[in-house]
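*Asks:* Structure in structure tokens, see below.
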Amino acid sequence: VQLQASGGGLVQAGGSLRLSCAASGRTFSNNGMGWFRQAPGKERVFVAAISWNGGSTYYADSVKGRFTISRDNAKNTVYLQMNSLRPEDTAVYYCAANLYSGISDYITSYRYWGQGTLVTVSS
């Protein structure tokens, strides 16, 4: 079972990036999915979550209105569209699969984790 995150990179403040998380080894179409991020020297924190069918989403206050999480179950892939990026968004972004079908912002709800992709926002 593997979650492969991609799409990170260097972008100027105000710019956009789209992260992808492709699953292999099993389907996650029945699982809620989430994105977390970890800045240098800080703990990993919740960013966004989506339910198994995309019907429900939830965002951290710090990204609400700027980031959009979505999924394509046919492709076994979850996305994070990030707009109006700020230097404080700089972090390694991780995708994860929830143990359950709904949404959760609790890190302990997530069993499967990707390897992370680095997003760097310059001022």
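The values are calculated or read from the model by the stated rules, or taken from the named source; none is laboratory data. Note that the structure is a prediction, hence the values are computed from the model and not measured. Neighbour counts are summed over all protein chains in view; Cβ atoms, including those assigned to glycine, are modelled from backbone coordinates with ideal geometry. Keep in mind that these areas ignore ligands, DNA and RNA; they rest on the heavy atoms of the full protein, side chains included. Shrake-Rupley method; radii C 1.70, N 1.55, O 1.52, S 1.80 Å.
*Asks:* Only one of 106, 79, 100, 110 is under 18 Å from residue 54 (Cβ atoms) and out of contact with any strand residue (DSSP E or B) (no Cβ under 6 Å at 6 or more places or on another chain); which?
*Replies:* Going through 106, 79, 100, 110 in turn, just one is under 18 Å from residue 54 (Cβ atoms) and out of contact with any strand residue (DSSP E or B) (no Cβ under 6 Å at 6 or more places or on another chain): 100.
*Asks:* Filter the range 4-28 for residues that are at pLDDT below 95 and surrounded by 15 or more Cβ atoms within 10 Å (Cβ to Cβ) and give the result.
*Replies:* Selection gives 23, 28.
*Asks:* For the range 1-47, give me each residue that is in a strand (DSSP E or B) and among the charged types (D, E, K, R).
*Replies:* Scanning the range 1-47 gives 18, 37.
*Asks:* In addition: Name the residue, out of 58, 93, that is in a strand (DSSP E or B), within 21 Å of residue 2 (Cβ to Cβ), out of contact with any helix residue (DSSP H, G or I) (no Cβ under 9 Å at 6 or more places or on another chain) and among the aromatic types (Phe, Trp, Tyr).
*Replies:* Values: 58 fails: within 21 Å of residue 2 (Cβ to Cβ).
Testing whether each residue is in a strand (DSSP E or B), within 21 Å of residue 2 (Cβ to Cβ), out of contact with any helix residue (DSSP H, G or I) (no Cβ under 9 Å at 6 or more places or on another chain) and among the aromatic types (Phe, Trp, Tyr) leaves just 93.
*Asks:* Let me ask something else. Of the residues 26, 18, only one is charged (D, E, K, R) and either within 11 Å of the chain's Cα centre (by Cα) or over 16 Å from residue 3 (Cβ atoms) (or both); which?
*Replies:* 18
*Asks:* Quick one: how many residues across the range 97-123 are assigned to a strand (DSSP E or B) and under 26 Å from residue 14 (Cα atoms)?
*Replies:* 6
*Asks:* Something else now. Do we have residue 67 as at pLDDT below 95, open to solvent by less than 70 Å² (accessible area, probe 1.4 Å) and either in contact with a Leu (Cβ under 9 Å, 6 or more places away or on another chain) or not aliphatic (A, V, I, L, M) (or both) here? Walk me through it before giving the result.
*Replies:* Details: at pLDDT below 95: no; open to solvent by less than 70 Å² (accessible area, probe 1.4 Å): yes; either in contact with a Leu (Cβ under 9 Å, 6 or more places away or on another chain) or not aliphatic (A, V, I, L, M) (or both): yes.
No, not satisfied.
*Asks:* When you go through 87, 40 one by one, which is the residue that is of a type outside the set (A, V, I, L, M), farther than 17 Å from residue 2 by Cα and at pLDDT below 95?
*Replies:* Result of the check over 87, 40: 40.
*Asks:* Turning to a different aspect of this structure: If residue 58 meets every condition in (1) within 11 Å of the chain's Cα centre (by Cα); (2) open to solvent by 20 Å² or more (accessible area, probe 1.4 Å) apart from one, which number is that one?
*Replies:* Unmet for residue 58, out of (1) within 11 Å of the chain's Cα centre (by Cα); (2) open to solvent by 20 Å² or more (accessible area, probe 1.4 Å): (1).
*Asks:* I'd like to know if the range 98-105 contains one or more residues that are open to solvent by 10 Å² or more (accessible area, probe 1.4 Å), under 25 Å from residue 73 (Cα atoms), more than 15 Å from the chain's Cα centre (by Cα) and free of Cβ contacts under 8 Å to residues at least 24 places away in the same chain.
*Replies:* Scanning the range 98-105, I find no residue that is open to solvent by 10 Å² or more (accessible area, probe 1.4 Å), under 25 Å from residue 73 (Cα atoms), more than 15 Å from the chain's Cα centre (by Cα) and free of Cβ contacts under 8 Å to residues at least 24 places away in the same chain, so the answer is no.
*Asks:* A further question on this structure: Tell me whether the range 75-87 contains one or more residues that are within 18 Å of residue 28 (Cβ to Cβ), open to solvent by less than 60 Å² (accessible area, probe 1.4 Å) and not in a strand (DSSP E or B). Talk me through it step by step, then tell me what you get.
*Replies:* From the range 75-87, those within 18 Å of residue 28 (Cβ to Cβ) are 75-80; that's our starting set.
Still in the list and also open to solvent by less than 60 Å² (accessible area, probe 1.4 Å): 76-80.
Filter once more, so that each one left must be not in a strand (DSSP E or B): 76.
Yes - at least one qualifying residue is present in the range 75-87.
*Asks:* Only one of (1) in contact with a strand residue (DSSP E or B) (Cβ under 7 Å, 6 or more places away or on another chain); (2) open to solvent by 30 Å² or more (accessible area, probe 1.4 Å); (3) aromatic (Phe, Trp, Tyr) is not met by residue 52, so which one is it?
*Replies:* Residue 52 satisfies all of (1) in contact with a strand residue (DSSP E or B) (Cβ under 7 Å, 6 or more places away or on another chain); (2) open to solvent by 30 Å² or more (accessible area, probe 1.4 Å); (3) aromatic (Phe, Trp, Tyr) except (1).
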